[in-house]
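Participant: First the structure, which I've put down as C-alpha cells, then a few questions once you've had a look.
Nothing in this text is a laboratory measurement; each read-out follows from the coordinates by a stated rule. None of the values given here were measured: they were computed from a predicted structure. So basically every Cβ, Gly included, is an ideal-geometry build from the backbone, and we count neighbours across all protein chains shown.
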Amino acid sequence: MIAVKVDQLLLSNVGFVVLLKGEEDERTVPIFIGPPEAQAIAIAVNHLPIPRPLTHDLMKNILDFLECRLKRVDIHDLKEGTFFANLVLEHDGAEMTIDARPSDGIALALRSSAPIFVSENVMDQAGQMLPDSARGADQRGDAQNRDDKPNTTPTELLKRALQKAIETENFEEAARIRDELKRLDHPSKGN
C-alpha cells in the first residue's frame, strides 16, 4: 500500500476531483466526487467551523463514543472507472474492515487524522505524474482555474458547479446544487 495525502480539490469541467498524491511516490490519483463529498472534504481540509455536525462529523462522533478508532482508509480496487475503499477500524484490539466509497473514507480520515493508502494496483492503473504546472488541468488537459486549491470554500466550489450545470443545461443537477447552497446558507432549516 502507498501512503497518500489530499493534494488538491479541484472543480473540472466534468465535476469535482480530489487529487491524492503519494507521500513517497511521485504519482497522483485523481478521483471524481460529487458536490456533497467535495464540501465534506473541503470543510475538513480547511478546518472550517460548522454550526451543526455534518454526516462525516456525526460518524466520527459515533466512532469516538463507541471507542472505535479509524486506523486507516485503504483505496484497494478500481473496476470500470469506479474506485473501492475500506475503512479499517479498531475496537478493543480487534480490527474490522468496512466497505466505503473513497470520498467518504477521505472525509472521515481527514476528521480522524487517519492515514489514507492506495494499493499498488490502483496506483499503477490510475496514478499519473502531474507536474506542478499541470495541477490546474483536468485529466483531459483542459485549462482550469489555478485558484481551485483546498482553501477554496465549499460555497465557492458549489457556485462554480452551479454555473457549469446551468451552462450545460443540466437543470436537475443545478437544482440539487442550488438546494445544497441554500442548506449551507441556512444550516438550521430542514434539519
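Participant: In which sequence would V29, V17 go, from the one with the fewest C-beta neighbours within 10 Å to the one with the most?
Facilitator: Numbers: V29 24, V17 19.
Neighbour counts put them in this order, fewest first: V17, V29.
Participant: Using all alpha carbons of the range 6-91, what is the percent of pairwise distances in each 10 Å bin, ordered from the shortest bin to the longest?
Facilitator: 14, 40, 38, 8, 0
Participant: May I pose another question? State which entries of K21/K164; K5/K164; K79/K159; K21/K79 exceed 24 angstrom in Cα-Cα distance in the structure shown. Don't skip to the answer; put the middle values down first.
Facilitator: Numbers: K21/K164 27 Å; K5/K164 28 Å; K79/K159 31 Å; K21/K79 20 Å.
Beyond 24 Å: K21/K164; K5/K164; K79/K159.
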